[in-house]
Each structure stands twice: as structure tokens, then as C-alpha cells.
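Q: Here's a structure for you.
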Amino acid sequence: HSVGIIGAPFSKGQPRDGVEKGPDLIRAAGLVKKLKAQGCAVKDYGNVTFEEVANDEPIGNVKRPRAVGSANQRLSAAVHAVKNDGHTCVMLGGGHSLAIGSIQGHAAAKKDLSVVWVDAHADINTPLTSPTGNIHGQPMSYLIHELQSKIPVLPNFSWIKPCVSAKDIVYIGLRDVDPEEHHILKLLGIEVYSMTEVDRLGIAKVMEETCDYIFSKVKKPIHLSYDIDALDPSISPATGTPVVGGLTYREGIYITEHICQTGLLSAVDMVEVNPKRGRTEDEISSTVNAAVDLIRGCFGKLREGNHPADYKMP
Ligand code: ARG
Ligand code: MN
Ligand code: MN
Ligand code: MN
């Protein structure tokens with residue numbers, strides 16, 4: 001695997017600071033060294049820098065639209081460049097509003113994508129349905145073709161070109177979905193494996209069905225958008241919107257192992273790690289280490305063990 005890492009230390013798509021520390025914490029936990037040790041070629045592109053936006057007044061109830069629009073435009077260019085260099089892109093957030101730029105930049109390089117969204121939340125509110133006004137609860141709505149007639153004009157959002165079809169999206173791990181979001185998911189017929197389906201089918205069947213679904217017509221590159229709050233808060237408590245009843249560590253890792261073996265993983269987001277939401281050092285390190293392990297699973301680390309193809313027994 002050839003991996004290009006981009007940090008996006010940005011927190012303004014949601015109200016809690018600390019999430020901008022995610023990229024450097026995940027690096028400090030040894031991400032690059034560990035990926036190299038498992039045989040990956042890794043290039044770290046560093047962190048995207050963001051412009052200060054003054055007078056970022058809400059539009060309707062949408063909070064900090066100018067800062068979020070501008071940050072995502074920069075991120076999108078950075079992801080596009082990593083994809084043009086031929087790497088699988090790993091975007092370290094930051095909050096989940098960054099999926100706008102990450103998916104947009106990925107789509108600019110690869111055209112047609114499948115999106116696998118692993119999260120407690122659907123993040124598909126439109127600016128008009130959002131109960132909180134936080135853009136990290138809305139990124140999918142800006143990207144899905146079928147929703148564009150419902151998206152009002154926002155400052156610094158005009159560069160966004162809807163790039164994903166409802167039929168090319170699979171959600172896994174949902175357990176906190178707003179009524180307005182539930183309506184959208186049903187209206188568009190989006191494929192959802194909520195925690196109920198994870199309970200009913202088991203994670204192996206969920207992943208088998210996920211791949212059958214996304215590969216049923218053409219095999220498109222996969223964008224895996226992984227919100228750390230998909231995992232149960234007993235594993236990843238240091239996050240802004242934890243929800244009980246989440247994926248176990250094993251289920252979370254299984255998802256990455258399965259997506260890896262498709263050979264079609266093209267970009268990964270790892271978002272919403274927020275050290276300021278951890279109550280102890282252990283809570284923070286457990287969350288950060290889970291993020292690192294999930295990324296390692298995306299790039300070939302197997303629990304059965306691995307060895308290099310050219311290994312010679314002494
Ligand atoms: N549904 C809620 C909202 O729209 C919560 C979203 C949480 N999103 C996240 N990326 N953690 O505000
Ligand atoms: Mn979430
Ligand atoms: Mn499969
Ligand atoms: Mn999310």
C-alpha cells in the first residue's frame with residue numbers, strides 16, 4: 001500500500017474545541033512508523049492550514065459557514081493532490097464537517113465513488129433540517145446529487161459540486177439519527193446497517209452485504225469515512241458526541257479488514273477524536289490508539305499476523 005496522510009486540524013464544524021488536536025495526537029501515537037512497519041510506503045503531507053474568518057455570523061441556524069466552507073475548499077485541494085500522486089489518502093480530522101472537502105477532493109480525482117460511512121450519526125441533515133446548526137451533522141447533504149434542490153446558498157460553499165449518488169452510500173453503526181435525517185435516508189432509499197442490523201446479522205454478514213451492494217454494478221473506488229464515535233464510548237470516549245451501544249473494538253476493526261481486502265479502498269477519513277473530551281489520560285489514549293488501529297486495519301494489518309512476501313526463514 002502507498003499511503004498519503006493529510007492532517008486537518010479544524011474544529012469549527014462543531015461547538016467543542018479540542019478536536020483540532022486529532023491529527024497530531026494520532027501521529028504522536030506512531031501512525032507513520034506503524035504503517036511502515038507493516039509494509040506500507042507512507043508520505044506525510046503535514047497539516048492543511050486554514051484561514052481566519054472574521055464576522056462568521058450564522059446563516060439561518062447554520063453555524064460558522066464561511067470558516068467551514070473555506071477550510072473544506074483547502075482540504076479538498078490537498079486531498080485531490082494526494083490522489084493525483086497515486087496514494088490512498090488518509091485524512092486525519094478534525095470534525096466530520098471535513099468529509100465535505102475530503103470526499104469532494106477525492107471525487108475530483110476519481111470521479112465516481114462509493115462511500116462507506118461508519119458513524120453513530122448519519123450526518124445528513126440539510127442546513128434547513130439541522131436541529132443544532134452544526135455542520136458536522138450535515139456534510140453528506142452537500143455531496144448527494146439527489147438533495148441539491150434542498151440546499152440553500154451559503155457563503156464559501158459555491159465551489160462544492162455534488163458528487164455522490166444516494167445508491168452509492170452505505171451507512172454502518174447508526175444509533176442516533178434525527179427524525180429529519182431518518183426521513184431523508186428513507187426518501188432516498190439509502191442502504192443503512194444500523195446497530196440493529198449489526199446485532200441481527202453480525203458484522204461479518206453486514207460487511208458481506210455492504211460489498212455485495214456497492215459492487216453490484218461497477219466496482220468504484222471506496223471512500224471510507226470513519227467517525228471514531230461509531231465505536232462504543234467504552235473504547236473511544238474522547239469524542240464530542242459519544243452515544244452508548246456502539247461497535248465493539250473487534251467489530252470496528254473487522255470493518256477495516258474487510259474493506260482492505262476489497263482492494264478498492266481509495267481514501268479514509270478518521271475524524272472526531274477530541275482529547276479535551278477525555279476525562280483521563282487512559283480515555284484519551286484508548287481513543288487515539290483505536291483510531292491508529294483502525295487505520296492500520298485499512299492497510300493490511302491482520303489479527304492472524306502478517307509477514308513480508310520476501311521473508312526468508314533463517
Ligand atoms: N445529528 C446531530 C446534528 O446534526 C449530531 C451530529 C453529530 N455528528 C458528528 N459528526 N459527530 O447536529
Ligand atoms: Mn458521529
Ligand atoms: Mn466483501
Ligand atoms: Mn460523524
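Where a number appears in this text, it was derived from the coordinates with a stated rule and is not lab data. Here the structure is a predicted model, which means the values were calculated and not measured. As a convention, Cβ positions derive from the backbone with ideal geometry for all residues, glycine included, and neighbour counts pool all protein chains shown.
Q: Could you list Lys83, Lys110 so that the one with the fewest beta carbons within 10 Å of its beta carbon is first and the one with the most is last?
A: Lys110, Lys83
Q: Further question: Please arrange Glu281, Glu197, Glu51 by counting, for each residue, the other beta carbons lying within 10 Å of its beta carbon, fewest first.
A: Glu281, Glu51, Glu197
Q: Let me ask something else about it. Multiply the residue gap between Asp199 and Thr248 by 0.36 nm, knock off their C-alpha separation, and tell me the result in nm, one decimal place.
A: The span from Asp199 to Thr248 would gain 16.5 nm if fully extended.
Q: Still on this structure, I have one more. Could I have the simple spin-label model distance between Asn84 and Leu302, label points 7 Å from Cα toward Cβ, reported in nm to one decimal?
A: 3.7 nm
Q: Moving to a separate point now. Cα gyration tensor of the chain, axes a ≥ b ≥ c as square roots of the eigenvalues: rounded (a/c below 1.5), prolate (a/b > b/c) or oblate?
A: It comes out rounded by the Cα gyration axes.
Q: A follow-up question, please. Using Cβ counts within 10 Å as a stand-in for footprinting exposure, how do Leu185, Leu75 rank, fewest first?
A: Fewest-to-most ranking of Leu185, Leu75: Leu185, Leu75.
Q: OK, next. At 0.36 nm per residue, minus the direct Cα-Cα distance, what do Asp212 and Leu187 gain on full extension? Give it in nm, one decimal, please.
A: 6.8 nm
Q: What's the extension gain from Lys33 to Asp112 if we count 0.36 nm per residue and subtract their Cα-Cα distance?
A: Full-extension gain reported as 25.3 nm.
Q: Compute the Cα gyration tensor for the range 104-154, then decide on rounded, prolate or oblate, letting a ≥ b ≥ c be the square roots of its eigenvalues: rounded whenever a/c is under 1.5, prolate when a/b is larger than b/c in the other cases, and oblate in all that remain.
A: oblate
Q: Give the calculated FRET efficiency between Ser149 and Asn61 to the nearest 0.05, with a Förster radius of 22 Å applied to their Cβ-Cβ distance.
A: After rounding to 0.05, the efficiency reads 0.65.
Q: Can you give me the C-alpha center-to-center distance between the range 85-120 and the range 257-275, rounded to a whole angstrom?
A: 10 Å
Q: Checking the a/c ratio against 1.5 first, then a/b against b/c, what shape does the Cα gyration tensor give for the range 184-314?
A: oblate
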